[in-house]
Each structure stands twice: as structure tokens, then as C-alpha cells.
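K.L.:
Can you keep this structure in mind? I'll have questions shortly.
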Amino acid sequence: MPAPTSFEASIEIDSVTAGYRQGSPVLDGLSLGMNEPGLYRVAGSNGSGKSTLLELISGFLEPWAGSVRLCGIDAGSPDARHVRSVCRTTPALYPSMTVHDHLALAARSRQVGPEAGLARLARYGLEDWAEQPVSMLSTGNIRKLWLLMCTVADTPVVAIDEPFNGMDVRGIEALIDELGEWAQHKVVVLISHTVPEQLAVRHSFVFKQEGGSL
Ligand SMILES: Nc1ncnc2c1ncn2[C@@H]1O[C@H](COP(=O)(O)OP(=O)(O)OP(=O)(O)O)[C@@H](O)[C@H]1O
């Protein structure tokens, strides 16, 4: 498997039908391409299928029909793990484990050194919490830690679901800066009802209520 940086960043969703219950697709014949680095916003009403798109990109959900390809690799293939970072809305953390140890665990699971993740702690204003167990963190700081963990690896595809929810000004500014940096060379999918005006969005996909169509 070549190093992730040698991949051309892209997401190709081709005629995808997918859902959770047979006969009731959430997305029906969806096609969209994100073929150049940049920030791609996904918006739309509650229940229109935005997080379902994220689960297709994550490889958790298999399309019933059509294909999802990340940098040319099928999203369901084990190789796709090396090219994507996915951040869901619900953090999965261990209450008694420290912030530092969570970052170290995330780095190890992605086979990267812990330095990069630890350096970002200060950027998000979490440096004073490094040795505290997660049970001591506020909701917003938990979300910051979760974001740092999910994006610890340098991958050409990044998909994040509602990252601004619950973040303070420092966190929002840090994330705006990082999203801008990533968008120079990665395909960044941002599921968000609101987008800070400082962010340059390459394209917005707006899902309609029924059937996840655009
Ligand atoms: N795990 C699941 N099992 C069954 N149905 C699900 C599951 N996840 C989502 N759904 C259904 O799929 C549809 C689309 O949900 P999804 O979470 O993708 O929408 P969304 O656009 O992200 O919504 P929101 O803006 O509220 O986050 C909804 O009808 C939802 O109830």
C-alpha cells in the first residue's frame, strides 16, 4: 500500500442507493463527485441522509447499488482505511483515561507518531487538560478531543459531521484554520447546517428531504 500522500484526493459516489431497512432507501440513485482538493459542504434538512453519506464514506454502510470510491479505492475495502479520516458526531471515549492517552491510542491505531496530535492540543486550548481523565472534561472539550483523535492521521480524504456544535471561539478558530489548510491538498467533506463565513467552500451539496436526492 503506497503512502497516503501519494494518492490523488477524491470521492466518487456513483448511482448509490443505500439505507438501513430493505425497501426504504435513505439515498436513492445518488451521484456526486469531489474530484479536486477543497472543502465540500453537505447540507440539508434533518433526516435527509447527510450522516448516511458519511457512513458510506466510512465504509460502515455498504451501498445496495452503485459504488463509493475514495481516491479510486472502494470505500468498503480494507485499503480505504489508509486514505480516509471520519469524525462522527458522537464521541467514543474511556472516562477514566486521560486526554494524552486517548491521543496516543488514536495515533497508535492509525500507525502515526503521537507528536502531531499532541501539538494540536494547544491549538484547541486543551493543553492544560492533557493529564486529566476524560470524565473531567466539559462537553465542548470532549468534542475537541474527539476531533483531534479522528483526524490524527494525514489522509487525503477527511469527512466530519457537525464539528462546530458545542465548540468555543478558540476551537472554532482553530478548526477554521485547519480546515483551510487541509482543503489545499485534501478532499474535506463538512456536514454542517452553518458554515463560518471565513471558510472557502468549493461546492455545497444540499440534500432534499425525500430520498437523499440533490
Ligand atoms: N442506524 C440507523 N438505523 C435505522 N435508520 C437510521 C439509522 N441512521 C439513520 N437512520 C434513518 O435514516 C434517515 C436519514 O438519517 P441521517 O442521520 O442520515 O440524516 P441527517 O441528514 O444526517 O439528519 P440530521 O440533520 O438530523 O443529522 C432518517 O430517516 C433516520 O431515521
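K.L.:
So what's region 77-197 giving for Cα Rg divided by 2.2 N^0.38 Å, two decimals?
P.N.:
Here the Cα radius of gyration is 1.00 times the empirical estimate.
K.L.:
Where does region 2-78 land on Rg/Rh, using Cα atoms and the Kirkwood Rh?
P.N.:
0.98
K.L.:
Here's another thing I want to ask about it. Under a 5 Å amide H to amide H cut-off, with H placed in plane at 1.01 Å, what residues pair with Lys186 once short-range neighbours are removed?
P.N.:
Close amide H contacts, sequence-distant or interchain: Gly38.
K.L.:
Can you list residues whose amide H is under 5 Å from Val26's amide H, if they're 5+ apart or on another chain and H is modeled 1.01 Å from N?
P.N.:
Result for Val26 returns Ala18, Gly19, Tyr20.
K.L.:
Ok, one more. When only Cα pairs under 8 Å and 6 or more residues apart are kept, what is the percent relative contact order across region 8-207?
P.N.:
The normalised contact order for region 8-207 reaches 31 percent.
K.L.:
So what's the chain giving for Rg/Rh, alpha carbon basis, Kirkwood Rh from the mean inverse pair distance?
P.N.:
Rg divided by Rh gives 0.96.
K.L.:
Under a 5 Å amide H to amide H cut-off, with H placed in plane at 1.01 Å, what residues pair with Val152 once short-range neighbours are removed?
P.N.:
Here the answer is none, since no amide H 5 or more places off falls under 5 Å of that of Val152.
K.L.:
To make sure I understand, if each residue's beta carbon is the centre and we count other beta carbons within 10 Å, what order do Met34, Met167 fall in, fewest to most?
P.N.:
Listing Met34, Met167 from fewest to most nearby Cβ atoms yields Met167, Met34.
K.L.:
Give the order of Lys208, Lys186 when sorted by the count of other beta carbons within 10 angstrom, beginning with the fewest.
P.N.:
The order, fewest Cβ neighbours first, is Lys208, Lys186.
K.L.:
Kindly give Rg over Rh for region 24-132, based on alpha-carbon atoms, with the Kirkwood expression for the hydrodynamic radius.
P.N.:
Rg/Rh for region 24-132 comes to 1.03.
K.L.:
Can you list the residues of region 54-68 with backbone N under 14 Å from a point 7 Å past the Cα of Lys208, pointing along Cα to Cβ?
P.N.:
Those under the cut-off are none; the list is empty.
Readers should treat all values here as calculations from the given coordinates under stated rules, not as data from a laboratory. Computed from a predicted structure; not experimentally measured. Reconstructed Cβ throughout: ideal geometry from the backbone, glycine too, with neighbour counts over all protein chains shown.
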